[in-house]
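Trainee: Structure in structure tokens, see below.
The values are calculated or read from the model by the stated rules, or taken from the named source; none is laboratory data. These figures come from a predicted structure and were not determined experimentally. Cβ atoms come from the backbone with ideal geometry, glycine included; neighbour counts cover every protein chain shown. Ligands, DNA and RNA are stripped out before the accessible areas are found, and what is left, the full protein with its side chains, is counted by its heavy atoms. Shrake-Rupley method; radii C 1.70, N 1.55, O 1.52, S 1.80 Å.
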Amino acid sequence: KARASSIAYGKLILNGEHAVVFDRPALAVPINSLQTKVFITEQSRKGIYLKSKYFFGNLEDCKNILPSLYALIKEFLIYIENPQANFQVNIESSIPEASGLGSSAAVAWSLANALNRYFGTSLNKEELYRFANISEEIVHTNPSGLDLITSSSATPVIFQKNKKAAKLQVASDLKGFIVIATTPKHGLTKNAVMQVAKSAQMHPFLYENYFNQIENITTNAIEHLTSGNLSAFGNDLTENQKVLAKMHLSTPKIDELLTLARNNGSLGAKITGSGLGGSIFALTENYPDAVKLEQLFCQAAANFTHIIALKEYTN
Ligand code: PMV
């Protein structure tokens with residue numbers, strides 16, 4: 001029986017979310033310990049079946065439940081001229097959904113890649129992004145592409161729309177830990193992106209200024225990670241958060257978690273992803289501080305927490 005599989009990673013935007021939609025650069029890292037896996041297996045029964053946390057059944061019946069995945073698979077089948085294929089797609093994921101950690105992009109990328117492998121279509125990465133983007137457009141309306149690039153990358157990424165993504169060369173002796181905490185409220189990227197677009201239309205000069213400030217911070221962060229200046233990078237996070245807060249992307253819970261980070265030895269902390277819910281992360285100098293902060297986030301009813309060592313990104 002024919003079979004194929006693919007994995008993709010969760011992602012963490014370090015700097016530049018939202019501004020990236022308006023052509024500014026952003027900095028993001030894959031989270032290798034959070035993964036989505038897609039398995040495609042040939043079936044003896046007729047038809048196409050999909051199995052995920054939310055759905056198990058014939059593809060045609062998931063049109064309303066998982067419209068983004070339905071559209072991706074359908075478009076792929078049209079592209080390969082509708083073969084009489086009988087297969088089942090299994091999707092497994094350890095990335096929390098709608099939390100700013102890139103779960104939708106990871107599913108879209110691994111699904112497109114697994115279909116490509118299953119049918120032996122030899123699409124290149126650019127072509128696969130286009131298929132994965134069919135799903136992202138349904139989930140996010142106007143995705144910058146940052147999530148897809150990062151969730152399929154093995155290294156930190158410097159991303160700017162319509163440019164080839166560059167690899168971030170992190171200082172080889174960079175220490176420090178990132179503690180992620182997810183608030184109970186889902187961060188719906190679509191809503192946050194729409195809110196920013198409306199405000200930018202109403203106050204173009206103000207928002208241009210915000211995006212420029214974020215661009216400067218991102219450029220500084222790249223420099224600080226490259227040279228291994230952890231405390232300066234922490235400061236970049238704090239400065240980035242100030243701008244995101246002015247853009248009204250914070251929530252009381254986000255502010256509560258950020259204050260906890262500030263009062264407990266963090267070098268800097270900010271929203272990651274779209275905001276209005278979803279996740280934050282804090283930077284600490286050492287592992288005990290990271291663990292202490294993770295405990296505090298849990299006590300403050302974070303839905304999900306995760307620690308990453310920055311040395312994972314050095315090579
Ligand atoms: O919340 P997430 O993980 O979907 O990240 C969104 C990042 C934005 O910059 C807000 C939107 C985008 O398409 O880049």
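Trainee: Collect the residues in the range 155-171 that are in contact (Cβ under 8 Å) with a residue 12 or more places away in the chain and assigned to a strand (DSSP E or B), keeping them in residue-number order.
Mentor: Val157, Ile158, Phe159, Lys167
Trainee: When the residues of the range 7-27 are narrowed to those that are within 9 Å of the ligand (Cβ to nearest atom) and assigned to a loop (DSSP other than H, G, I, E, B), which ends up surrounded by the most Cβ atoms within 10 Å (Cβ to Cβ)?
Mentor: Looking at residues that are within 9 Å of the ligand (Cβ to nearest atom) and assigned to a loop (DSSP other than H, G, I, E, B), I get Glu17.
Trainee: Now for a separate question. Being closer than 22 Å to Ile65 by Cα, within 13 Å of the ligand (Cβ to nearest atom), of a type outside the set (Val, Ile, Thr) and out of contact with any helix residue (DSSP H, G or I) (no Cβ under 8 Å at 6 or more places or on another chain) is the requirement here; does Ser99 meet it?
Mentor: Against the criterion (closer than 22 Å to Ile65 by Cα, within 13 Å of the ligand (Cβ to nearest atom), of a type outside the set (Val, Ile, Thr) and out of contact with any helix residue (DSSP H, G or I) (no Cβ under 8 Å at 6 or more places or on another chain)), Ser99 qualifies.
Trainee: Which condition does Tyr54 not pass, out of (1) outside any loop (DSSP other than H, G, I, E, B); (2) at pLDDT below 95; (3) of a type outside the set (Val, Ile, Thr), if it passes all the others?
Mentor: Just one mismatch for Tyr54, condition (1).
Trainee: Separate question: Restricting to the range 28-46, and then to whatever is of a type in the set (Lys, Arg) and over 18 Å from Ser110 (Cβ atoms), can you tell me which residue is most open to solvent (accessible area, probe 1.4 Å)?
Mentor: Across the range 28-46, the extreme among qualifying residues is Lys46.
Trainee: Further question: Please work out if Tyr49 is surrounded by 14 or more Cβ atoms within 10 Å (Cβ to Cβ), within 13 Å of Leu111 (Cα to Cα), outside the structural domain of Tyr207 (by TED's automatic domain parsing) and not polar (S, T, N, Q). Explain how you work it out, then say what you get.
Mentor: Working: surrounded by 14 or more Cβ atoms within 10 Å (Cβ to Cβ): yes; within 13 Å of Leu111 (Cα to Cα): no; outside the structural domain of Tyr207 (by TED's automatic domain parsing): yes; not polar (S, T, N, Q): yes.
No, not satisfied.
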